[in-house]
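Working notes, structure below.
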Amino acid sequence: MILTDKQILKSIDDQKIVIEPFDRSCLGTNSYDVHLGKTLAVYNNKTLDARRHNTIKYFEIPEEGYVIHPGILYLGVTLEYTETHNSVPFLEGKSSIGRLGIDIHATAGKGDVGFCNTWTLEISCVQPVRIYAGMPIGQLIYFKIDGDVDNYYNKKQGAKYVDKVTRPVESMMWKNKW
């Protein structure tokens, strides 16, 4: 079951969902709009290795915007910091972003109960497009959980994305044991 606007507001009042900064006008019927933060990143190497730490370089989106190009993976970050303690958050791109040919995630649209952070976006596009810091980029949809949680993400041993950040985070696949 997807939470409605009233259920999202109640969860915020109960501190089961945290959105900072929160703007009531960004609350939809059953979602909350999130915005692109000011920092983007790209990987330093063209060839990435899943067993190695692939480093990134950061840069800020200028006031006049920044043109992203096909064939390059950009890591972005949401302006909003979120916490989710009683539901499963899903991040989807806004339809207006999709109609510009922009994808905001390759595979990582689902968060975990207990995720407490900004969201790193895996941004790609089909043609060059100018983007801006602060623009609406996605929407969070919250799914109600059924049952108790034993292993919240923010308390899970070995969770790789728990340090509070305001910039995009590169893949930590290299930390996995396989």
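Since every read-out is calculated from the coordinates, none of them should be taken as a lab result. Please read all numbers here as calculations on a predicted model, not as lab measurements. Here the Cβ is made from the backbone with ideal geometry for all residues, glycine too, and neighbour counts use every protein chain on show.
A few comments on the model shown:
- Test: residue in region 41-54 that is within 24 Å of residue 161 (Cβ to Cβ), out of contact with any strand residue (DSSP E or B) (no Cβ under 8 Å at 6 or more places or on another chain) and either buried (at least 18 other Cβ atoms within 10 Å of the Cβ) or among the aliphatic types (A, V, I, L, M) (or both): yes
- Residues in region 137-156 that are outside any loop (DSSP other than H, G, I, E, B) and exposed (fewer than 14 other Cβ atoms within 10 Å of the Cβ): 144, 155.
- Long-range neighbours under 8 Å by Cβ, at least six apart or interchain, first residue in contact (Cβ under 8 Å) with a residue 60 or more places away in the chain within region 1-26, second part of a helix (DSSP H, G or I): 3/11; 17/8; 17/11; 18/12; 19/12
- Residues located in region 157-178, provided they are surrounded by 13 or more Cβ atoms within 10 Å (Cβ to Cβ) and either touching a Gly at 6+ places or on another chain (Cβ under 9 Å) or in a loop (DSSP other than H, G, I, E, B) (or both): 159, 160, 161, 162, 165, 166, 167, 168, 169, 170, 171
- Comparison of 73, 36 shows that the only residue that is over 26 Å from residue 154 (Cβ atoms) and touching a Ser or Thr at 6+ places or on another chain (Cβ under 8 Å) is 73.
- Entirely in region 29-136, the strands (runs of 3 or more DSSP E) that have 2 or more residues that are among the aromatic types (Phe, Trp, Tyr): 56-60
- Residue in region 13-25 that is outside any strand (DSSP E or B) and either buried (at least 20 other Cβ atoms within 10 Å of the Cβ) or hydrophobic (A, V, I, L, M, F, W, C) (or both) present: yes
- Residue within region 50-71 that is touching a helix residue (DSSP H, G or I) at 6+ places or on another chain (Cβ under 9 Å), of a type in the set (S, T, N, Q) and farther than 30 Å from residue 147 by Cβ present: yes
- All conditions in (1) among the hydroxyl-bearing types (Ser, Thr, Tyr); (2) surrounded by 12 or more Cβ atoms within 10 Å (Cβ to Cβ); (3) over 13 Å from residue 140 (Cα atoms) hold for residue 31, with the sole exception of (3).
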